[in-house]
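Remarks on the structure that follows.
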Amino acid sequence: MSLKKLDQLRDEYTPAPEIPPKLPLQLDQAAARRLLRETFAGAPDLASAARRGGAAITIVAPDASWVRVMEMVAKEELQAFAMSRGPAISLLSPAMEPADTAVPDDDDDFPPGSTADSVEDPRFPDLDGPPVDRPASDWYIAGRDGTASSPTIDSLEEAAASRIARGVGVIIIGADAADLPPLFTSAADFHLTVPPLTGSMLDQAIATVAQQRPTRTLPDALTAVLTAAHLKMAPRVETHPDDWTARLKRMAEPRVRRPAPGPRLADLRGMDEAVEWGQALCHDLGAFRAGELTLNDLPKGVVVAGPPAWGRLSSSARWRRLAICR
């Protein structure tokens, strides 16, 4: 028996390696769908505009990690939203629906002096007429997530303009309003901002993927800081959803800001002058953020600690000790 034949027999009788079952849907995609549904639901008239087609829409994602995954699911979710918020639509209006009437079968059925080509049959609408109110299947969707692979502002402006001119709907997704093309933004019909992910939405997304809800819901403060990358890394095949949420909790907790312990300015005693100066600085910083003061109007420096007698020197030199301003 030849060596080639032995190799063939070996391949035939060697059992195939077991392939682990695949998740039907990635968790980040399922969560992106939930986020987009929540976003679309808060936009009046979006459903009817989506059914007509040709709308220009900007979407600001929670952060850059969500841009690509929302590009993948935005078209399908928008069309599903448009159909769910509107009645079932026939390509023919009620007045145009086929009726139990006789169909003209000879020239005698047309008015005298006319021909079949010159008479418009009311059952068949003019194809050059206004568009029928039905879900549009033609959408151009692009995103800018701040990476080197993101399309440039100019290329997006040009691509959007050419498609809008042809009646194609355009959706541009960015991680921030500054990522969106300014000309397209000024001309857009809808400006949508995706809300943070909530614990309830995360539970629904997990149930979609794992076919089972977790027994504990993560607090909104934790889910709000989760990125799409976190959701992509958390699931494990054939493990309970509680294992997924536990892993997500571990990833989210370091990202949640916790208030630093310590007294507030108003709680300090025996430092009246420093407290007064610190409170004035807090007020000036708030005015600076509101645009009421310039940077030159703020103090140029402070002494937090110094050698003995430095307080008397700093007073004459216009320095003040500062308690932490919170």
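Things worth noting here:
- Calculated from backbone phi, Karplus (6.51, -1.76, 1.60) coupling profile of the range 144-153 in Hz, x at Gly/Pro: 10, 10, x, 8, 5, 7, 5, x, 6, 4
- Surface share of carbon and sulfur [accessible, 1.4 angstrom probe, percent] for the range 222-288: 55
- Between the beta carbons of residue 48 and residue 76, assuming R0 = 22 Å, the FRET efficiency works out to 0.75 to the nearest 0.05.
- Extension gain, residue 217-residue 293: 0.36 nm per intervening residue step, less the Cα-Cα distance, totals 22.9 nm.
The values are calculated or read from the model by the stated rules, or taken from the named source; none is laboratory data. Not measured: the values here are computed from a predicted model. In this analysis, Cβ positions are derived from the backbone assuming ideal geometry, glycine residues included, and neighbour counts consider all displayed protein chains. Heavy atoms of the whole protein, side chains included, go into the accessibility calculation; ligands, DNA and RNA do not. Shrake-Rupley method; radii C 1.70, N 1.55, O 1.52, S 1.80 Å.
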